[in-house]
Amino acid sequence: MTLEARLQMPVAEALREIQAPIRDRLERVPDEMWRIIQADVAIIEAANAHLKGMRGKLFRPTLLLLASSIEGQPEARAVPLAAVAELVHLTSVVHDDSVDHSVLRRGQPTINAVFSHQVAVLMGDFLFAKAVGELVRLGDMEPLRVFTQASSEMTVGELRQLASFDALAFSEDDYHKLIRAKTASLVGAACEMGALAGAPRFRAQMRTFGESIGMAFQVADDLLDYTELESVTGKPSGNDLKEHKVTLPLIHALGKMSKTQRQVVDRLFADATPGDAAIAEVVGIVAECGGLDYARAEGERFAAAAEGALKDLPESDVKQSLADALAYVMDRRA
């Protein structure tokens, strides 16, 4: 199937095609996750049951398992490593939702909304401790070193964001540091560990691929907030602007705005609950000032770096799936 044909698929179907070479192993990842975090404690079991209902797309385990299969049959540890990658991601999700006081994630109530912020913080700690324990059980220091380093970078990124008191003073360099820490570090770690579990000579290339696709993923995600239409209103969702989050489209546009346009943005950020009309006006200003085009170009730049990292991989269905995963990230529609 051609790349153009794949891009015409519904998002879920396109992801299934990407996952096809490692489908059998990927289907074992959730069971591995629940094995790792099972506990005979009522509140933990209740929280685990809720987390099962919030299951994501397993994108990081997908990349890890693909990386482990570059040269054929991967080692048995690839599946538990994929489970650890998703648990580390889940840890960050639970903690982030609590920090942000979010009540919904993937259309489902968050742990902090169902239980409490205290439970969410402690559950995040529990998930991370169990993930580290699984790495210790596997008996290899490299996965432990790489995943804990990524977790440290993610935490530092979150703290750096919390310490940013003037949102509109957030620079492009600040933005790159943030998304590299909060998103790209774990994706890079997952790809690197996948290579170690089946294709160690491609470890460096897969680290570069993972970090680059992680950067592209976050830029595309932030751009989607300005371009994705809500089904009812037909307007951009603007959730980041509602929460006064400054991402790359706005950062670039701020330097191009007239005094009047900047005043419109300042009013929105001074309003605790900006309305749809105010958000739509700022989205229009960002587009007019080139913020959307600039973010698209930056996303393409990171995508090109990821594509370059695949150049020397042997030709196979796995290499094609990695390339298609990059196209999937850049064609975010859901």
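The values are calculated or read from the model by the stated rules, or taken from the named source; none is laboratory data. Quick caveat, the model's predicted, so the values are computed rather than measured. Glycine also receives a Cβ, built like all others from the backbone with ideal geometry; neighbour counts cover every protein chain displayed.
When LEU224 is tested against (1) closer than 21 Å to ALA327 by Cα; (2) at pLDDT 95 or above, only condition (2) is not met. Quick one: is ALA167 farther than 20 Å from LEU81 by Cβ, touching an Asp or Glu at 6+ places or on another chain (Cβ under 8 Å), of a type in the set (A, V, I, L, M, F, W, C) and touching a residue at least 24 places away in the same chain (Cβ under 8 Å)? So ALA167 fails the test.
If you go through the range 71-87 and pick out every residue that is buried (at least 22 other Cβ atoms within 10 Å of the Cβ) and on the phi > 0 side of the Ramachandran plot, you end up with 0.
When residues in the range 293-311 are screened for being in a helix (DSSP H, G or I) and surrounded by fewer than 19 Cβ atoms within 10 Å (Cβ to Cβ), 9 of them pass. The residue that is surrounded by the most Cβ atoms within 10 Å (Cβ to Cβ), counting only those in the range 53-70 that are of a type in the set (A, V, I, L, M) and more than 20 Å from PRO200 (Cβ to Cβ), is LEU58.
Can you tell me which residue within the range 262-292, out of those that are β-branched (Val, Ile, Thr) and either modelled with pLDDT of 95 or more or surrounded by 13 or more Cβ atoms within 10 Å (Cβ to Cβ) (or both), is farthest from ASP225 (Cα to Cα)? Filtering first and then ranking leaves VAL264. Of the residues in the range 288-318, how many are in contact (Cβ under 8 Å) with a residue 24 or more places away in the chain, under 14 Å from ASP222 (Cβ atoms) and of a type in the set (Gly, Ala, Ser)? Residues flagged as in contact (Cβ under 8 Å) with a residue 24 or more places away in the chain, under 14 Å from ASP222 (Cβ atoms) and of a type in the set (Gly, Ala, Ser) within the range 288-318 amount to 3.
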